[in-house]
Amino acid sequence: MANLLTAKELKEQGSIVDLLSRLGYQPVPKRGRERMYYSMLQSEDTEPSFSVNDDLGVWFDHGVGRGGNIIDFGLAYWKHLGLNEVVKKIQDVCSIVPDEERVVFPKKIIKNPHHIVEKIKPLGTHPAITEYLKGRGVFEIAKNYLSEVYYYVEDENNLRKRYFAAGWQNENKSWEVRNRYFKGCMGNKAITFIPGHNKRAVIFEGFLNFLSWRLEKPDDDHSAIVLNTLTLLQQAINRAKAFSSLDVYFDRNRAGALATRVFLKALPYATDRSRVYDGFNDYNDKIKAQLKKAVFASKKKSDFFSGVKVPFEW
């Protein structure tokens, strides 16, 4: 067996996806940059709740409210092993050897596609972004929070493809972006914090749900914490500890329910407010349904006189 890697070397060289594959775990069909698995850390998991972002080298189990790097996973998976034993176990399973023992053959350097933000424009400039947000029912309120983000993706052949989306910045100054076809981050993920009252806060998974709440409560003075991804649940909990009143508006699917449970367990005085969109997956689904109902009612009213014949006036 090769020399034992340090924890730092293992985190840099190890792949959580590769480790899980070698242990016999395969993801469900890929969605975006994260891979979802049925949790191997829970005895019963009827829906995929274990997510992995291999680009960042992190995982999060929504069912148990834990996450971390490849070593953190090893410690959670092999509970009877200590740190050095876990490092050796992962190294053995993944057949990772130290750099000085690795035989390296010359090869072409492949540059992975990456996103570069070119321009930021005020909301309302591009009609496609406007129509997307109008379809979500939040365009007018979004003017106070979102911008239009224009970016390109450069591939290994230095070819650029240009895109645009609605977006806002997180605490890493990276842009969280979304359009009709794409949802992602131009940089490092982080929560977004919108300051307000210093004792009361509302918590959301994403910015469309925050905007939906703001649409219905334009005069509310709460501070707002938006996770931008459930993998940042613990970071949001840490930020929320500064507030004495907390209203939680997570999705009403299994992942959102588990995240709510973890949040309320960490901060028992917090309140689950998701009943305000009962019957819908999230706050924005409720707003979209209301919009659709209003449009239907308006169309029905305008169609009422469509068959009435008005005589010519002499």
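With N residues in the range 145-200, what two-decimal value do you get for its Cα radius of gyration over 2.2 N^0.38 Å?
Numbers: Rg = 14.1 Å, N = 56, 2.2 N^0.38 = 10.2 Å.
Normalised Rg, Cα atoms only: 1.39.
Leaving out ligands, DNA and RNA, what percent of the accessible area of the range 26-75 is carbon and sulfur, probe 1.4 Å? Display every interim value, and only then the final one.
Numbers: 1120 of 2510 Å².
Result for the range 26-75: 45 percent of the exposed heavy-atom area is carbon or sulfur.
Residue-wise, which Karplus ³J(HN,Hα) couplings in Hz belong to the range 6-11, taking 6.51 cos²θ - 1.76 cosθ + 1.60, θ = phi - 60°, and x for glycine or proline?
3J(HN,Hα) across the range 6-11, in whole Hz: 7, 4, 5, 5, 5, 5.
Given a 10 angstrom Cα cut-off, can you work out which residue in LEU230, LEU81, LEU246 is the most mobile in a GNM of the chain?
LEU81
For the range 196-247, with all protein chains present and a 1.4 Å probe, just round the carbon and sulfur fraction of the accessible area to a whole percent. Each step should come with its number before you reach the end.
Values: 850 of 1890 Å².
Carbon-and-sulfur percentage of accessible area, whole number: 45.
Would you mind getting the accessible area per residue of the range 1-93, heavy atoms of the protein chains only, 1.4 Å probe, in Å²?
Values: 4990 Å² over 93 residues.
The answer is 54 Å² per residue.
Quick one: which residues, 5 or more positions from GLY196 or on another chain, have an amide H under 5 Å from its amide H? H modelled 1.01 Å from N in the peptide plane, none for Pro or chain starts.
SER223, ALA224
Quick one: which residues, 5 or more positions from GLY57 or on another chain, have an amide H under 5 Å from its amide H? H modelled 1.01 Å from N in the peptide plane, none for Pro or chain starts.
Answer set, sorted by chain and number: none.
Nearest 5 is fine: what % of DSSP beta bridges in the chain come out antiparallel, could you say? Please list the in-between numbers first.
On the way: 38 of 49 bridges.
Beta bridges within the chain, antiparallel portion: roughly 80 percent.
Can you work out ³J(HN,Hα) from phi for every residue in the range 225-233, in order, using Karplus 6.51 cos²θ - 1.76 cosθ + 1.60 and θ = phi - 60°, giving whole Hz and x for Gly and Pro?
My calculation for the range 225-233 gives 10, 10, 5, 6, 6, 5, 5, 9, 4 Hz in order.
Along the charge dipole of the chain, pointing to its positive end and built from +1/-1 on Cβ of Lys, Arg, Asp and Glu, which listed residue (LEU75, ASN209, ASN170) has its Cα farthest out?
ASN209
Just from its helices, what would the mean residue ellipticity at 222 nm be for the chain, if runs of 4 or more DSSP H residues each count -39500 (n - 2.57) and the sum is divided by every residue, rounded to the nearest 500 deg cm²/dmol? Walk me through the intermediate numbers first.
On the way: 10 runs with 99 residues, N = 314.
For the chain, the value works out to -9000 deg cm²/dmol.
Taking amide H atoms as placed 1.01 Å from N in the peptide plane, list the residues 5 or more away in sequence, or in a different chain, whose amide H sits under 5 Å from that of VAL177.
Close amide H contacts, sequence-distant or interchain: GLY184, CYS185, MET186.
Please grab the % of Cα pairs in the chain that end up more than 32 Å from each other. Kindly include the intermediate steps, with their values, before the conclusion.
Working: 20222 of 49141 pairs.
Of all Cα-Cα distances in the chain, 41 percent exceed 32 Å.
Do any GluC sites (Glu not before Pro) in the range 2-73 lie in a DSSP loop with no more than 15 other beta carbon atoms within 10 Å, and if so, which?
The qualifying sites are GLU44.
Let's test this: bin the Cα-Cα distances of the range 152-236 at 10 Å from zero up to the farthest pair and state each bin's percent.
Once binned at 10 Å, the Cα pair distances of the range 152-236 give 16, 43, 28, 10, 4, 0.
At 25 °C and 0.890 mPa s, grab the translational diffusion coefficient of the range 221-290 from Stokes-Einstein with a Kirkwood Rh over Cα pairs, rounded to a whole number in µm² per second.
195 µm²/s
The values are calculated or read from the model by the stated rules, or taken from the named source; none is laboratory data. No experiment lies behind these values; they were computed from the predicted model shown. Neighbour counts are summed over all protein chains in view; Cβ atoms, including those assigned to glycine, are modelled from backbone coordinates with ideal geometry. Surface areas here come from the heavy atoms of the whole protein model, side chains and all, with no ligands, DNA or RNA. Shrake-Rupley method; radii C 1.70, N 1.55, O 1.52, S 1.80 Å.
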